[in-house]
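Single-structure report; data block below.
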Amino acid sequence: MNIHQHARTTPRSREALVQRVARGAESGRDVAEALGVSERTVRKWVQRYRTEGRAGLQDRSCRPRRQPTATGPELVAWVLRLRRQRWTGAQMARALGLSRATVARVLTRHRLNRLRALEPPAPVQRYEYTRAGGLVHLDIKKLGRIGRIGHRITGDRRARSRHRLGVRPRGGR
């Protein structure tokens, strides 16, 4: 894990903290005050060191070890089974008695939130020719018609066309 730049303690400083308290020369309160942490923090690291040794001084994930309210594996299996039958999220939520948000979370976690995820991707279509230059690719772009030379060349801004090119003027001319 990466230690953020404002961390008060690192695994190395935690070990020094524990050693200062374990020697008995300083109390937990004095060590906490010297390091700028709470007494509770000092007690926590000392306790972890006593139960787990040096491994207990390493950073841990903040993710919970268990989630009692998580969606059960049998409901997840049902959601995935119904999705493979091309049910929508709203239909599954009504049928299984779950909220639409729960169904959407399960589908997103298993990357089935889009129907196109159920179908295999189309194979790439390749063109192969026996001789070079057998396939020529041209890009084209339609440009507007230019009726006459413009003011940038002639310098005359007074002459303007009376209608847009490509559109017939009124009156049938």
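Of the chain, which part is the longest with no chymotrypsin sites (Phe, Trp or Tyr not before Pro) in a loop (DSSP not H, G, I, E, B) and with at most 13 other C-beta atoms within 10 angstrom?
1-126
Only four residue types carry charge here, +1 at the Cβ of Lys and Arg and -1 at the Cβ of Asp and Glu. Report the dipole size of region 73-116 about the Cα centre in Debye, rounded to the nearest 20.
Dipole size: approximately 260 debye.
Assign unit charges at the C-beta atoms only (+1 for Lys and Arg, -1 for Asp and Glu), then state the dipole size of the chain relative to its Cα centre in Debye, rounded to the nearest 20.
1700 debye
Between THR10 and GLU39, what is the spin-label point distance in nm, taking each point 7 Å from the Cα along the Cα→C-beta axis?
Spacing of the two 7 Å Cα→Cβ label points: 2.9 nm.
Hey, what D do you get for region 29-173 in µm²/s if you plug the Kirkwood alpha-carbon radius into Stokes-Einstein at 4 °C and 1.567 mPa s?
Details: Rh = 25.2 Å.
For these conditions, the coefficient is 51 µm²/s.
Could you check the spin-label model distance between ARG111 and GLN47? Points 7 Å from the Cα along Cα→Cβ, value in nm.
It works out to 4.2 nm between the two label points.
Extent of region 11-57 along each principal axis, from alpha carbon coordinates, in Å, largest to smallest?
25, 18, 16
Please give me the summed charge of the neighbours of ASP30: other residues whose Cβ is under 11 Å from its Cβ, Lys and Arg +1, Asp and Glu -1. All intermediate terms of the calculation are to be shown ahead of the outcome.
Values: positive: ARG20, ARG29; negative: GLU26, GLU33, GLU39.
Overall, the nearby charge balance is -1.
Which value results when the Cα radius of gyration for region 73-116 is divided by 2.2 N^0.38 Å?
Dividing the Cα radius of gyration by 2.2 N^0.38 Å gives 0.96.
Based on alpha-carbon centroids, what's the gap between region 97-161 and region 8-46 in Å, whole number please?
For region 97-161 versus region 8-46, the Cα centre distance is 62 Å.
Return the distance in nm (one decimal) between the two label points of a simple spin-label model at ARG86 and LEU138, each offset 7 Å from Cα along Cα→Cβ.
4.1 nm
Rule-based calculations on the coordinates, nothing more; no lab input. Only a predicted model underlies this, so the values are computations on that prediction, with no experimental measurement involved. All Cβ positions, glycine included, derive from the backbone under ideal geometry; neighbour counts span all protein chains shown.
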